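Structure first, commentary second.
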Ligand code: ATP
């Protein structure tokens, strides 16, 4: 076949309207795109990639950085500040005007940088979960990045996949596609390979699969006809692919809170202005300057920015621990998770299967060796039934083993099926040869709903035989006879129950095998054909060891007050044994899917709380279990991978999809994707989520009282007719310099040691808790005390007003620094080695602030600008002492609060 690049638009004889692919026959599509059953060759793929470009939608245009920067100024507070600056300039207070402008610019730059940072974090994450496509190239099936799909590629899709490009179907088996994003139709569309009238609208093109839609059921193969921007979705891409909004409920709460404070500050400022002017006889210009400075100081304008950074850092830290957050609010919700419902296979266990035992009606055998390497043997008496079972296991599966260069064996396909190939090798079979001798003619693929798989083969003697493997109780219910060395006999359920229990109780996953002889020439397979004549061959036990890191993570959940529930499709006894090994429960309460069916919603609410293991469940049960747990007020994180898991993932407070074995449907429904499918990563994400929440509390707990302290000091001075301890421009200086230094560091705080030793935060807990409120009041008061203490100390010492005020500004800086060290640990003392050492961010910020304060105090031009004056060494020591005293008082407070058990759920 000639694999020249063909673009249907450019070659005259292939000029087809691109909307008519659905009307072409399969052969016509193959010939137009110069491809076939074996797919494209590597060379032609490269040529086509060069011609058509990568298969991705053009990025939605991003705002120009300048536009982004200017948009930072579009906010009420900034308008207020700019007006204040203009007013100051008009009134001749040029320095004040410039400093206020400085505050405005600093805020804009901080906002701009944080937005960029947060967006970069999200971009990086988007790349981490870019979808893949299964294609046939050079006659072989390959998994490639969906961006590298080209026209003419043969793409294989199945339920749960996201279609990577527009495809003309050449094979379809019970295919249903959810095309709501294109057609708005919520009922999945049925798909087939027949031609459709050329004028059919998109919603009726049953022979096509469209890029970006999700397969709800079935399997199929299609030829790529359009990629990238030329796909149907590409044509309307302006409507989708919108960048994720950088907002969360918490941010909105803070925004509202910030606005409240702004209005409070403005009203207080107006009242204060009149009071200062009419009662205290301030000149109206002076009064105005004071209240403007005060309002600027007290409004936490930087707060939302710092909190967004905190969230973005959380997202990045979670990604580093293999948990990719798709929706920002999940970062907060994760921190309050009180129950994690997890799959078993692959999440809590390694999903590295090895057959350890085989039981037939005739004999038992154990199998030695670990992993997929075929070193080991089947140890037991001669048993022809077992030989048949091993053959059935090999043929009724699609996995392949590959020996890597380092000698280790890797599985391509289902791990359990891989283990059956290993078993065949250990039993002396040649997998490739056996598959050739027993060619497969039809199959019924495995489905979690019917829990078995069947394949139809032509035997070496020309007869037809079906091999089945699946959940043993399911197969036993279908069989009326069992195979023995002496021929077929009636099935003995009691015997098999014992065998199954034996294996399951040691944590093995048990699979049953059966066969059915069909008349020669049979070439298709349906469920009805399996209704009679099935013969049970036996069972095999698979060892799938628990992940050691999952054990540690379960223990961590225990101390963190988070319940762990296993929800599995596996047998109850197997699941219970694994739950025991992992430490989920000593004697796990096991409830099966059938039992869940028998419970009303209200009954399930009570049962779900006590149950640690839900076994033999299907995805529908998951949804009911999530709801039942939520009805108990719990915040539920739930894992899932299949297309049918999407509803429960959406219902859960944090839906978690598997990155490796998860379908695209599950990933789209989830808030978070686990790159390594590992339970321990969920717990790591919860740990980070709690840290983020703590850090947000620290940011608030530090920002509000420091602003409040200045506010109180000035209000107090005016109310009681005292001299102002700081001039307006000095207030503005403190505010600006602290915003760029200390104001940012709490976002970078590492977790406190006991983060996972606390109970989860209540779902409805408000951000500004009683303890935080107390802190805001108490610390504001301490600040005021410090300010006046230093001020009167200096005046009493005979210092000038300028020196006294310089000392006040320095004392505020010192108190802010020491208070920062205190607030870094909300739950324990700060007097530890690590606590006192700080972090790089803390030290840099403190260093920056100290340098700025030295400049403020000793540089002549700063003295001119801000009315400051150099201070003596002793005065410097006093300043630091005030900060130390602040830390000491607050550490005693922290100790007392914990000792007396106040605010017990918070500290
Ligand atoms: P989890 O939900 O924890 O991942 P699971 O992998 O055991 O558990 P399912 O994949 O739903 O859950 O499997 C349910 C049962 O179906 C298994 O216990 C097994 O008996 C049977 N089964 C699983 N995979 C196959 C397969 N490829 N062929 C035949 N039977 C299978």
Filter the range 458-484 for residues that are away from the ligand (no atom under 13 Å from the Cβ) and touching a helix residue (DSSP H, G or I) at 6+ places or on another chain (Cβ under 6 Å); which is modelled with the lowest pLDDT?
-> 460
Within the range 480-502, residues being farther than 19 Å from residue 385 by Cα and surrounded by 16 or more Cβ atoms within 10 Å (Cβ to Cβ) number 1
So which helices (runs of 4 or more DSSP H) are wholly in the range 179-277 and hold at least 1 residues that are at negative phi, modelled with pLDDT of 80 or more and crowded, with 21+ Cβ neighbours inside 10 Å?
-> 232-235, 249-274
Is it true that residue 320 is surrounded by fewer than 19 Cβ atoms within 10 Å (Cβ to Cβ), within 27 Å of residue 556 (Cα to Cα) and more than 16 Å from the ligand (Cβ to nearest atom)?
-> yes
What is the residue count in the range 566-575 for residues that are out of contact with any helix residue (DSSP H, G or I) (no Cβ under 7 Å at 6 or more places or on another chain) and either surrounded by fewer than 23 Cβ atoms within 10 Å (Cβ to Cβ) or modelled with pLDDT under 95 (or both)?
-> 3
Go through the range 385-424 residue by residue and tally those that are in contact with a helix residue (DSSP H, G or I) (Cβ under 7 Å, 6 or more places away or on another chain) and away from the ligand (no atom under 15 Å from the Cβ).
-> 4
Given the residues 629, 719, which is the only one that is in contact with a helix residue (DSSP H, G or I) (Cβ under 9 Å, 6 or more places away or on another chain), touching a residue at least 60 places away in the same chain (Cβ under 8 Å) and farther than 29 Å from residue 774 by Cβ?
-> 629
Check whether at least one residue in the range 136-149 is out of contact with any helix residue (DSSP H, G or I) (no Cβ under 8 Å at 6 or more places or on another chain), part of a helix (DSSP H, G or I) and at pLDDT 85 or above, and report yes or no.
-> yes
Only one residue in 556, 515, 620, 603 is out of contact with any strand residue (DSSP E or B) (no Cβ under 9 Å at 6 or more places or on another chain), outside the structural domain of residue 753 (by TED's automatic domain parsing) and within 15 Å of the ligand (Cβ to nearest atom), so which one is that?
-> 620
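Results for (1) surrounded by 15 or more Cβ atoms within 10 Å (Cβ to Cβ); (2) at negative phi; (3) without any contact (Cβ under 8 Å) to a residue 24 or more places away in the chain, shown as yes or no for each residue.
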{"position": "66", "(1), (2), (3)": "no, yes, yes"}
{"position": "74", "(1), (2), (3)": "no, yes, yes"}
{"position": "80", "(1), (2), (3)": "yes, yes, no"}
{"position": "84", "(1), (2), (3)": "yes, yes, no"}
{"position": "88", "(1), (2), (3)": "yes, yes, no"}
{"position": "97", "(1), (2), (3)": "yes, yes, yes"}
{"position": "105", "(1), (2), (3)": "no, yes, yes"}
Would you check which residues across the range 863-875 are in a helix (DSSP H, G or I) and either modelled with pLDDT of 95 or more or farther than 18 Å from residue 792 by Cβ (or both) and list them?
-> 863, 864, 865, 866, 873
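The rows are residues; the columns are (1) modelled with pLDDT of 95 or more; (2) surrounded by 15 or more Cβ atoms within 10 Å (Cβ to Cβ); (3) closer than 28 Å to residue 134 by Cα.
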site	(1), (2), (3)
342	yes, yes, yes
350	no, yes, yes
356	yes, yes, no
363	no, yes, no
385	yes, yes, no
403	no, no, yes
419	yes, yes, yes
Hey, residue 533 assigned by TED's automatic domain parsing to the domain that holds residue 362 and crowded, with 20+ Cβ neighbours inside 10 Å or not | no
Does residue 729 count as crowded, with 23+ Cβ neighbours inside 10 Å, more than 18 Å from residue 268 (Cα to Cα) and over 45 Å from the mean Cα position of the chain (by Cα)?
-> no
Please give the strands (runs of 3 or more DSSP E) falling wholly within the range 325-384 in which 1 or more residues are within 16 Å of the ligand (Cβ to nearest atom) and closer than 18 Å to residue 541 by Cα.
-> 354-359
Look at the range 702-726 and say how many of its residues are more than 18 Å from residue 273 (Cα to Cα) and either outside the structural domain of residue 863 (by TED's automatic domain parsing) or surrounded by fewer than 21 Cβ atoms within 10 Å (Cβ to Cβ) (or both).
-> 0
Scope the range 833-847; condition surrounded by 14 or more Cβ atoms within 10 Å (Cβ to Cβ) and either within 16 Å of residue 887 (Cβ to Cβ) or touching a helix residue (DSSP H, G or I) at 6+ places or on another chain (Cβ under 6 Å) (or both); matching residues = 835, 838, 841, 842, 845, 846
For the range 632-651, name all the residues that are touching a strand residue (DSSP E or B) at 6+ places or on another chain (Cβ under 7 Å), in contact (Cβ under 8 Å) with a residue 60 or more places away in the chain and within 15 Å of the ligand (Cβ to nearest atom).
-> 638, 639, 640, 641, 643
Could you pull out the residue among 578, 584 that is within 14 Å of the ligand (Cβ to nearest atom), in a loop (DSSP other than H, G, I, E, B) and buried (at least 24 other Cβ atoms within 10 Å of the Cβ)?
-> 584
Does residue 709 qualify as being within 24 Å of residue 793 (Cβ to Cβ) and out of contact with any helix residue (DSSP H, G or I) (no Cβ under 8 Å at 6 or more places or on another chain)?
-> no
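The values are calculated or read from the model by the stated rules, or taken from the named source; none is laboratory data. Only a predicted model underlies this, so the values are computations on that prediction, with no experimental measurement involved. Every residue, glycine among them, receives a Cβ derived from its backbone with ideal geometry; neighbour counts consider all protein chains shown.
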